[in-house]
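**Student:** The structure is given below, and queries will be raised subsequently.
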Amino acid sequence: MSKYRIAVIKKHDIERRLASMVLPRYGMDFELFDCPESFLDYQGEMPDCIVCGVWFDQKMTAMGFLGVLRERGLSIPVVIASNMTDYQDQVMQAGAVSFTDGFLSDGAAIVSAIIEAIESRQVVA
């Protein structure tokens, strides 16, 4: 049985496939979502951590998604996995607990950020 359950919300199929290869190597269970709306509609067990990018589509950004989590009272730590560092300050101010490169660059770094977020239980406030 996995120690942690992760929700990965990434719009690009390649990033979801990489997540499905990286996370099991570290003993993590995961659910893959292609947009924040599909996660927000999800009726299953809530994850220990959410990993997502900065931009989902024209309707919602990570900053908007973090706001929706707050509005719904969902206390789940969020790690932003993106190379779009121009937005790092904005997403951190919106409530993300970590900003790291995506699965394309370094799986170990993102897993480390996930574990740190979960173990410190920093959540969207």
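The values are calculated or read from the model by the stated rules, or taken from the named source; none is laboratory data. Everything numeric here is computed off the predicted structure, so don't read it as measured data. FYI the Cβ positions are ideal-geometry reconstructions off the backbone, even for glycines, and counts take in every protein chain you see.
**Student:** Please go through segment 67-101 and give me each residue that is free of Cβ contacts under 8 Å to residues at least 24 places away in the same chain, part of a helix (DSSP H, G or I) and in contact with a helix residue (DSSP H, G or I) (Cβ under 9 Å, 6 or more places away or on another chain), ordered by number.
**Tutor:** Selection gives GLN93 alone.
**Student:** Also: Return the residues of segment 102-112 that are crowded, with 19+ Cβ neighbours inside 10 Å and either on the phi > 0 side of the Ramachandran plot or not in a helix (DSSP H, G or I) (or both); say none if nothing qualifies.
**Tutor:** Across segment 102-112, the qualifying residues are GLY102, PHE103.
**Student:** For LYS59, only one of the following conditions fails: (1) part of a loop (DSSP other than H, G, I, E, B); (2) within 23 Å of LYS3 (Cα to Cα). What is its number?
**Tutor:** Exception for LYS59: condition (2).
**Student:** Given the conditions (1) part of a loop (DSSP other than H, G, I, E, B); (2) in contact (Cβ under 8 Å) with a residue 40 or more places away in the chain, which single one is not true for GLN43?
**Tutor:** Result: GLN43 passes all but (2).
**Student:** Looking at segment 69-125 only, could you name the residues that are at pLDDT 85 or above, more than 22 Å from ILE14 (Cα to Cα) and β-branched (Val, Ile, Thr)?
**Tutor:** ILE76, VAL91, VAL97, ILE115, ILE118
**Student:** Filter segment 1-30 down to residues that are over 13 Å from the mean Cα position of the chain (by Cα) and basic (Lys, Arg) and give me whichever is nearest to ARG121 (Cα to Cα).
**Tutor:** Applying the filter and picking the extreme gives LYS3.
**Student:** Is it the case that some residue within segment 6-29 is surrounded by fewer than 15 Cβ atoms within 10 Å (Cβ to Cβ), modelled with pLDDT under 90 and assigned to a loop (DSSP other than H, G, I, E, B)?
**Tutor:** Looking for residues that are surrounded by fewer than 15 Cβ atoms within 10 Å (Cβ to Cβ), modelled with pLDDT under 90 and assigned to a loop (DSSP other than H, G, I, E, B), one finds at least one in segment 6-29, hence yes.
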